[in-house]
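What follows is one structure encoded as structure tokens, with my remarks underneath.
The values are calculated or read from the model by the stated rules, or taken from the named source; none is laboratory data. Here the structure is a predicted model, which means the values were calculated and not measured. Don't worry about glycine lacking a Cβ; one is built from the backbone with ideal geometry, like all the others, and counts go over all protein chains shown.
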Amino acid sequence: MCRLVAYLGKPLPLKRLILEPPHSLLVQSYAPREMTAGLLNGDGFGLGWYDRRLRPQPFTYKNILPIWNDLNLPGLCEYITADCCLGYVRSATPGLAVDYSNCQPFVQNHLSAIHNGRVEHFRSTLYRPLRQQLTDEDYLNIQGLTDSEHLFAWILHHYKLTGDLAQALYDAFISLLDLVPDLDVTFNFILSDGQRLIASRLAHGGSAPSLYYLQGHPDYPGVVIASEPLFTDARWVRCPEGGVVVVTEHLQVQEWHPPAGAAVSV
């Protein structure tokens with residue numbers, strides 16, 4: 001399992017999320033508290049941030065070193081200030097290479113994504129049936145071998161059908177079970193278009209990984225989403241299992257639910 005963090009709000013230096021808090025993303029790389037698989041997140045990391053004055057696409061910084069070994073990171077995190085950013089530390093699925101093509105965030109045009117979870121026996125269960133459903137464009141945009149990147153391509157496939165990121169995130173999850181009904185999958189995603197955050201806490205065949213959000217904190221003038229709280233504060237809210245959370249461009253947190261009659265398999 002990996003650990004995730006995202007922020008939307010008034011501009012903050014990245015160090016306020018990645019390095020400085022008592023249980024920052026850096027600390028969660030070597031001392032996670034709520035991981036249910038694995039012990040460390042030392043198989044690389046990635047950052048994504050938006051500056052829409054320059055371009056709609058996000059900027060990224062990735063490394064296959066453990067986050068605690070990157071000597072450039074403190075300076076970058078002090079220098080870079082953003083109103084929308086994503087960060088992740090990786091615990092690689094056994095058998096998958098630790099290389100840049102497998103490192104998140106994944107980006108397609110103005111959308112970015114980070115994923116905490118896995119598809120059990122991905123290569124033998126979902127790899128071929130999912131790829132057969134993709135358009136040529138989505139197929140060719142896959143650079144690595146991870147289940148995470150394939151799931152992002154699957155979400156983009158549904159986004160083209162719905163035009164709604166929250167709906168696409170939910171539909172992508174449900175449709176996985178149509179392709180492989182007995183699939184064991186954990187599906188914690190955070191997506192962004194630079195103006196919103198859309199996060200899911202979904203699973204089939206077990207419990208979804210931990211995910212929280214924070215709003216109303218004076219030191220974080222916006223909304224933070226994280227796999228684990230970055231510090232002790234009663235304002236942290238556990239994201240609903242089996243649901244999707246949307247942070248709007250007006251910094252409202254909405255718990256998105258599927259249409260009446262639909263049900264999430266958990």
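Kindly indicate whether any position in the stretch 210-223 is farther than 24 Å from C84 by Cα and not polar (S, T, N, Q).
No, that holds for no residue.
Return the pair list, or none, for Cβ contacts closer than 7 Å from residues in the stretch 81-102 that are buried (at least 24 other Cβ atoms within 10 Å of the Cβ) to residues that are part of a loop (DSSP other than H, G, I, E, B) and of a type in the set (S, T, Y), at least 6 apart or on different chains.
Short answer, once both residue conditions are applied: C84/Y50.
Polar (S, T, N, Q), touching a residue at least 12 places away in the same chain (Cβ under 8 Å) and not in a strand (DSSP E or B) - does that describe any residue in the stretch 173-185?
yes
Tell me the residue from L145, L161, L169, L151 that is part of a helix (DSSP H, G or I), surrounded by fewer than 22 Cβ atoms within 10 Å (Cβ to Cβ) and on the phi < 0 side of the Ramachandran plot, please.
Unique residue meeting the criteria: L161.
Listed residues G87, G42, G75, G46; which is at pLDDT below 95 and not hydrophobic (A, V, I, L, M, F, W, C)?
After applying the criteria, what remains is G42.
Can you tell me which residue among G243, G261 is exposed (fewer than 14 other Cβ atoms within 10 Å of the Cβ) and at pLDDT below 95?
Answer to the selection: G261.
Among the listed residues L71, L130, L76, L111, which satisfies the condition of being loosely packed, with under 13 Cβ neighbours inside 10 Å and among the hydrophobic types (A, V, I, L, M, F, W, C)?
Among L71, L130, L76, L111, only L71 is loosely packed, with under 13 Cβ neighbours inside 10 Å and among the hydrophobic types (A, V, I, L, M, F, W, C).
When the residues of the stretch 57-68 are filtered to those that are assigned to a loop (DSSP other than H, G, I, E, B) and touching a residue at least 24 places away in the same chain (Cβ under 8 Å), which remaining residue is surrounded by the most Cβ atoms within 10 Å (Cβ to Cβ)?
Once the filter is applied, the top-ranked residue is P58.
Within the stretch 119-135, is there a residue that is part of a loop (DSSP other than H, G, I, E, B) and touching a Lys or Arg at 6+ places or on another chain (Cβ under 9 Å)?
yes
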